[in-house]
Each structure stands twice: as structure tokens, then as C-alpha cells.
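J.: Before I ask anything, let me first share the structure, which is written out below as C-alpha cells.
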Amino acid sequence: MPVNKIIIAASMIAGLCSFTCHPAAAQKKKGWKLIWQEEFNYTGLPDTSKWSYEVGHVRNREQQYYTNARPENIQVADGLLHIKGRKEDWPNAAYSPGSREWNRKDSLARYTSASINTNKKFAFTYGRIEVRAKLPAGGGMWPAIWMLGADHSHGGWPMAGEIDIMEFIGNEPSNIYGTIHWGKAGGGHTSSGSKISAPSLHDDFHVYAVEWNRDELSVWFDDSVYHRFPLAKAQAGDFNAFRHPFYILLNLAMGADWPGPIDDSVLPQELLVDWVRVYQPKKNR
């Protein structure tokens with residue numbers, strides 16, 4: 001989730017879930033077939049047949065330490081995935097005395113959270129992904145629903161591509177960002193994105209979605225499309241990251257330059273996810 005973004009403001013058109021939010025209804029979504037789903041209708045840690053963990057200080061100089069399968073930071077209960085950011089000291093396994101690297105120089109992290117993904121367990125090319133979620137509130141919060149390219153034949157990030165379905169930052173409590181990132185043929189990174197404003201991100205569940213075909217990516221908030229990206233813009237020589245498989249990530253980051261300083265008084269905070277559903281068009285669509 002790189003910080004530098006090309007952002008085009010968009011007006012909000014409030015919308016509601018266009019179908020009944022129930023697993024059976026997901027199977028009947030008009031024009032689409034359901035190919036993968038996670039309804040979180042169980043209790044305990046996330047299903048390991050679907051999800052893996054990131055561990056440690058991973059990216060962006062974020063302050064949280066992602067823990068591995070720790071119920072205090074992640075659990076499924078009451079039909080929801082709970083990803084919890086906490087203020088607490090946690091041993092930094094990557095600590096190296098005398099190091100100046102941001103993720104190695106301190107023996108203790110001051111915050112913990114969790115990040116899960118479907119890498120090597122599920123990835124898809126083209127379709128529609130929908131995630132129903134309720135966001136945390138407060139300074140420094142940085143929840144994200146996103147995807148990364150699984151094809152590293154031309155290099156890792158940014159060449160493999162990134163699709164940010166939803167990013168929220170604590171110092172902009174009413175804005176949601178959707179951003180596409182890709183690599184240039186000669187090196188470097190570029191992006192295309194927009195934002196939309198909504199008043200109830202912390203009080204209500206909303207559906208965050210991306211619709212993706214061979215020509216275009218569109219980013220949705222409930223029933224509103226607020227960003228469109230033509231895939232041809234990401235052509236890098238003979239490679240286009242967005243014509244290859246992507247996998248799913250869910251995480252609650254905290255701190256770093258973009259979301260601003262963490263407000264300890266609001267912690268703990270949770271990213272709540274009701275379900276994740278992936279569709280592809282029916283043949284007669």
C-alpha cells in the first residue's frame with residue numbers, strides 16, 4: 001500500500017447492497033456466478049485452507065507488528081472476522097542490535113495487529129470481488145482490503161501489480177480510497193486512483209468492491225462506481241500485470257506517514273469483515 005497516489009476526488013452517491021446480504025443470495029447474484037466465498041460463519045482463527053498470515057513489520061514503516069494466528073489480534077466470532085489493532089509491547093523477531101533499518105532497529109514493537117491473505121491458496125483473473133466491512137475509527141488507523149499480483153515472472157512489486165479495493169486513513173475520517181498500482185517497463189512505479197466520501201464508515205457496514213475485465217478495472221463503494229482504470233495504461237512491454245491472477249489481502253495497519261500518528265486513546269480498534277465473495281460472469285451475460 002504505497003503512500004504516493006494519484007487521487008481524483010469523486011462525489012458520493014449513497015447506495016445500498018444490491019442484493020440480500022446472505023450466503024444463499026450470493027449464489028443468485030444476477031449475471032454472475034459465485035466462484036469463491038468466505039462467510040466467516042464459524043468460531044476461532046481464520047480458516048487455514050483459505051488464509052495465510054503476514055508476520056512482523058512488513059511495509060511502509062508502519063508501527064504495528066503483525067502477529068501469527070494470535071486470537072488477541074484476529075479471530076472469527078458472531079459471523080464476523082475481527083482484526084484488532086492493540087497498543088502493547090511485542091518482541092520484534094527481526095531485531096538486529098545496531099541496525100538502522102526501520103523494521104530491525106527496535107527490540108520491541110509498541111503495537112500489534114494482523115494481516116491475512118490468500119496467496120498460494122486462491123487467486124483469480126477477472127471478475128468481481130465484494131467485501132462487506134465496517135471500519136475502525138481514530139488517528140493512525142489504516143485498514144485495507146486489497147489484492148496483489150501473483151505472477152512475479154517480470155519481478156515483484158510493483159511489476160506484479162496492486163489493486164487497492166479500499167483504503168481508509170485515520171486523519172481523513174470520511175474518505176475511502178481506491179487505487180491501482182503498477183510498474184513501468186523501464187523501472188519505477190505509477191498509480192491511478194480516486195476517493196469517495198461517506199458519513200457512516202465506522203457505524204455501518206458497507207460493500208467495497210472491484211469489477212475487473214480484460215479492458216477495465218472499476219472500483220465501487222456500495223452501488224457507486226467512483227474510479228475506472230483502463231488496463232491498457234499498465235502495459236509494460238509485453239507484460240500487463242492486470243491480465244494475470246491476483247490474490248486477496250485483509251489487514252489493519254497503523255501509523256506511518258500517510259495515516260498520521262496513532263491516537264493511543266482510541267485503541268483497541270477493529271476492522272470487521274462480514275464476508276468476502278468473488279464472482280465471474282455467467283456465460284450468457
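The values are calculated or read from the model by the stated rules, or taken from the named source; none is laboratory data. None of these values were measured; they are calculated from a predicted model. Neighbour counts are summed over all protein chains in view; Cβ atoms, including those assigned to glycine, are modelled from backbone coordinates with ideal geometry. These accessible areas exclude ligands, DNA and RNA; they are computed on the full protein's heavy atoms, side chains included. Shrake-Rupley method; radii C 1.70, N 1.55, O 1.52, S 1.80 Å.
J.: Which of (1) within 28 Å of R228 (Cα to Cα); (2) assigned to a strand (DSSP E or B) does I83 not meet, given it meets every other one?
T.: It is condition (1) that I83 fails.
J.: Tally the residues that are assigned to a strand (DSSP E or B), over 12 Å from G178 (Cα atoms) and open to solvent by 20 Å² or more (accessible area, probe 1.4 Å), restricting the search to segment 219-242.
T.: The qualifying residues number 1.
J.: I'd like the full set of residues that are farther than 21 Å from H154 by Cα and hydrophobic (A, V, I, L, M, F, W, C), limited to segment 182-216.
T.: I196, A198, L201, F205, V207, A209, V210, W212
J.: In addition: Could you go through segment 219-242 and let me know if any residue there is touching a Leu at 6+ places or on another chain (Cβ under 7 Å) and among the basic types (K, R).
T.: no
J.: Restricting the search to segment 167-211, which residues are open to solvent by 10 Å² or more (accessible area, probe 1.4 Å), more than 18 Å from L135 (Cα to Cα) and not hydroxyl-bearing (S, T, Y)?
T.: If the condition is that a residue be open to solvent by 10 Å² or more (accessible area, probe 1.4 Å), more than 18 Å from L135 (Cα to Cα) and not hydroxyl-bearing (S, T, Y), then W182, K184, A185, G186, G187, G188, H189, E211 are the ones that fit.
J.: So, one more: Please work out if Y95 is closer than 30 Å to D238 by Cα, open to solvent by 40 Å² or more (accessible area, probe 1.4 Å), at pLDDT 95 or above and not charged (D, E, K, R).
T.: So Y95 fails the test.
J.: Further question: Among the charged types (D, E, K, R) and surrounded by fewer than 17 Cβ atoms within 10 Å (Cβ to Cβ): does that describe E216?
T.: For E216, the condition - among the charged types (D, E, K, R) and surrounded by fewer than 17 Cβ atoms within 10 Å (Cβ to Cβ) - is met.
J.: A follow-up question, please. I'd like to check something: does segment 32-40 contain any residue that is modelled with pLDDT of 55 or more and assigned to a loop (DSSP other than H, G, I, E, B)?
T.: Within segment 32-40, one or more residues are modelled with pLDDT of 55 or more and assigned to a loop (DSSP other than H, G, I, E, B).
J.: A253 is checked against (1) closer than 15 Å to V131 by Cβ; (2) open to solvent by less than 10 Å² (accessible area, probe 1.4 Å) and fails just one. What number does that condition carry?
T.: That leaves (1) as the condition not met.
J.: A further question follows. Return the residues of segment 259-275 that are crowded, with 22+ Cβ neighbours inside 10 Å and either more than 28 Å from K50 (Cβ to Cβ) or among the aliphatic types (A, V, I, L, M) (or both); say none if nothing qualifies.
T.: Selection gives I262, L271, V273.
J.: Moving on to the next point. Just a yes or no: is a residue in segment 120-132 without any contact (Cβ under 8 Å) to a residue 12 or more places away in the chain and surrounded by fewer than 17 Cβ atoms within 10 Å (Cβ to Cβ)?
T.: No.
J.: Okay, next question. Here are the criteria: (1) in contact with a Ser or Thr (Cβ under 6 Å, 6 or more places away or on another chain); (2) open to solvent by 70 Å² or more (accessible area, probe 1.4 Å). Tell me which single one K30 does not satisfy.
T.: Failed condition: (1).
J.: Follow-up. Applying the selection to segment 163-179, what residues are touching a residue at least 60 places away in the same chain (Cβ under 8 Å) and closer than 22 Å to G149 by Cα?
T.: Listed by number, the residues that qualify are I163, D164, E167, Y177, T179.
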